[in-house]
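Written below as structure tokens is the structure these notes are about.
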Amino acid sequence: MEYLLHILVLTGIYIILTLSLNLIVGYTGLPALGHAAFSCIGAYTSSLLALNMGVTPWIGLVIGASVAAISGIVIGYPAVRLKGDYLALATFGLGVIVYSIVKNWVSLTRGPMGLPGIPGFSVFGFQLSEIWSYLILVALFVFLTYFTIRRIVNSPFGRILRGIREDEIATLAMGKDVDRYKILIFVIGAFFAGIAGSLYAHYITFIDPSSFTVMESITILLMVVFGGMGSLSGSFIGASILVIFPELLRFLGMPSSVAAPLRQMIYGLLLIILMLKRPQGILGRYKLR
Amino acid sequence: MIQQLILNGIIAGSIYALIALGFTIIYRTVKFFHFAHGVVYTAGAYLTYSVFSYLLSGTSNQLSVIGWGIAILIGIVGAGVLGIFIDRFIYHPLRRQKASNLTFLLASFGVFIFLQNLIQLIYGAQILTIRTGPIKEGHQIFNAVITDIQILILFVSCWLLVVLWLFIQRTKLGKAMRAVADDPIAANVVGINPERIILTSFAIGSALAGAAGILISFETNIEPTMGFNALLKGIIASIVGGIGSIPGAMFGGFFLGIAENLGIWKIQAGWKDCIAFAILIVFLLLRPGGIWGVKTEKERL
């Protein structure tokens, strides 16, 4: 039961990540391959604040998400200059740089040793220690993210985003500052990814750079593409299936030396089949450009 | 110290140049980033390792020259065949659907993840070594130490670079490859089958990746994840040299190798990747055409 709840909490965190990446990739049509970098920044900021300065996780979460959002300006900047594969490569590179900084700045982040003993959330002086309380917390944030992003995509602002995806030059001709919107969408996406990272850190209570590799970014992108580009319910489905399904492998009684690569192999195979048979994902209406 | 760093940079650079050259040969004909190139590199090294340990188990503890030749040949040919398979079964159907570049990119990521983990499943995640005999003390040149294996790597990779350059510039098949790279439709009109040329490019490019993987496995250990970094360095080298340009890819490889190693003169070795990617970002943003300013796809239209 504990295990089941744990998987559900992780699913919730991935849903937040998938929704926020869908905003960038699915709705605005910008191929971003560095999403784990944002959650990494959020996670490390709020963990370090909690460990070194005793900042409560609630405030840490907000600061972490804000720092991630600011980093979105830097990581999103290439979107102004580059398109398509080149943008994918640039965001990918920035993802590796963030990972590399976290891994090598040992005096601050303890590098590959990771940060143990990150305090959990507390409500009115009560420490949240039960898993179900985290499930409620994460569910709350999933709802908040979903609601905000739904408001964004259905607003005039969201129409501009879709305009950028469908025809950038036409949107520009309508007098919209496309560059500013592109950066802004990275900032918003990064903010929510920062929340997800911070939630993860305070829930697991231990983080190390290996949780935020580029492969992680690709996994999140796979969830977006699998569920459907530009479909919010698709993001729920994509994240849920791709988190829960590989966990079933554990029940087949495989040793982890077999289960871990097998899980990745399934991801890889799924990506190939998806690209060959249904590049727009299960619920998506738009193909990758 | 600085001589040693430059020498290390040249050796690393020669491997990067090989990977970048293979990557570029493929990129020129298909015009998308073939990420699975990295896993072909790993596969080449592992194939050679398998043949090597199979042959070694039959005989005494030292392998003959013929045994080595067989092991290396199977590694290189195997890598080439793997490249052909990837193109036939994944990229070819995508081409027929006229898929977007990003679809190709993600599919190649899928191939990369799948094959890398398949290798890990078969051989395990641990480090393996191809021992080439007792470790000898290196030679002293210009205040820098170079080992026999490193001389071999440098020699073989430079030889391969020259041979490939001549092949593309002087032979008929090389000319056809250049034609398809320039304009596939016009090439088709004059009777060149683009699909055949794409397959040839995949075979040659992948064989080069396999050769690079085998060369590096003599110098260091092999592990299933080795292809990822190598691939990224290869891509960075191709972009620095100007994407799609063959001399550019060679130059970019050496440039990246030396820049990376000079960078760790002043800062810790762990920052090597960071330096490489910082170079990538700077080039992408400020000079996407590489040092000599190759025209990118967008400008050509």
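Every number in this text was worked out from the coordinates using simple rules, so none of it is lab data. This is a predicted model, so every value here is computed, not measured. In this analysis, Cβ positions are derived from the backbone assuming ideal geometry, glycine residues included, and neighbour counts consider all displayed protein chains.
Brief remarks on what is shown
- Taking amide H positions as modeled 1.01 Å from N, with prolines and chain starts lacking one, the residues under 5 Å from A:Ile207 and 5 or more places away or on another chain are A:Leu115.
- Entries in A:Lys182/B:Lys233; B:Lys98/B:Lys175; A:Lys83/B:Lys272; A:Lys83/A:Lys176 that, when Cα-Cα distance is taken, lie over 23 Å: A:Lys182/B:Lys233; B:Lys98/B:Lys175; A:Lys83/B:Lys272
- Neighbour-count order for A:Ile218, B:Ile10, fewest beta carbons within 10 angstrom listed first: B:Ile10, A:Ile218
- Residues A:Lys176, B:Lys98, A:Lys182, A:Lys103 in ascending order of nearby Cβ atoms (within 10 Å, fewest first): B:Lys98, A:Lys176, A:Lys103, A:Lys182.
- Of the chymotrypsin sites (Phe, Trp or Tyr not before Pro) in segment A:25-130, those whose Cβ has at most 12 other Cβ within 10 Å and which sit in DSSP loop: A:Phe124
- Listing A:Val142, B:Val39, A:Val98 from fewest to most neighbouring C-beta atoms within 10 Å gives A:Val142, A:Val98, B:Val39.
- B:Gln126-A:Asn52 pseudo-label distance in nm [points 7 Å out on the Cα-to-Cβ vector]: 3.9 nm
- In this calculation the C-beta distance from B:Ile84 to A:Met174 is compared with R0 = 35 Å, giving a FRET efficiency of 0.15.
- Restriction of the chymotrypsin sites (Phe, Trp or Tyr not before Pro) in segment B:106-195 to DSSP coil positions whose beta-carbon has at most 10 other beta-carbons within 10 angstrom yields B:Phe142.
- Inter-label distance for B:Leu152 and A:Met113, nm, one decimal - labels placed 7 Å from Cα along Cα-to-Cβ: 4.0 nm
- Within the shell of other residues whose beta carbon sits under 14 angstrom from the beta carbon of B:Gly213, the net charge comes to -1, with Lys and Arg scored +1 and Asp and Glu -1.
- For A:Leu249 and B:Thr220, the FRET efficiency from 1/(1 + (r/R0)^6), where r spans their Cβ atoms and R0 equals 25 Å, is about 0.20.
- Phi to ³J(HN,Hα) by Karplus 6.51 cos²θ - 1.76 cosθ + 1.60 over segment A:25-31, Hz, x for Gly, Pro: 7, x, 7, 9, x, 9, x
- Based on C-alpha pairs under 8 angstrom that are at least 6 apart in sequence, segment A:1-142 has a relative contact order of 33 percent.
- Sparsely packed loop sites in segment A:149-244 (the chymotrypsin sites (Phe, Trp or Tyr not before Pro) outside DSSP H, G, I, E and B with at most 16 other Cβ atoms within 10 Å) comprise A:Phe206.
- Residues of segment A:246-282 with amide N under 14 Å of a point placed 7 Å along Cα→Cβ from A:Glu2: none
- Ordering A:Ser210, A:Val55, B:Pro184 by the projection of their Cα atoms onto the charge dipole of the protein assembly as shown, which places +1 on the Cβ of Lys and Arg and -1 on the Cβ of Asp and Glu, puts B:Pro184 at the extreme positive end.
- Centre separation in Å (Cα based) which lies between segment A:238-289 and segment B:11-46: 26 Å
- Each Cα pair under 8 Å and six or more residues apart adds its sequence gap; the mean of these over the residue count of chain B is a relative contact order of 38 percent.
- Between B:Arg178 and A:Ile70, the simple label model (points 7 Å from Cα in the Cβ direction) yields a spacing of 5.3 nm.
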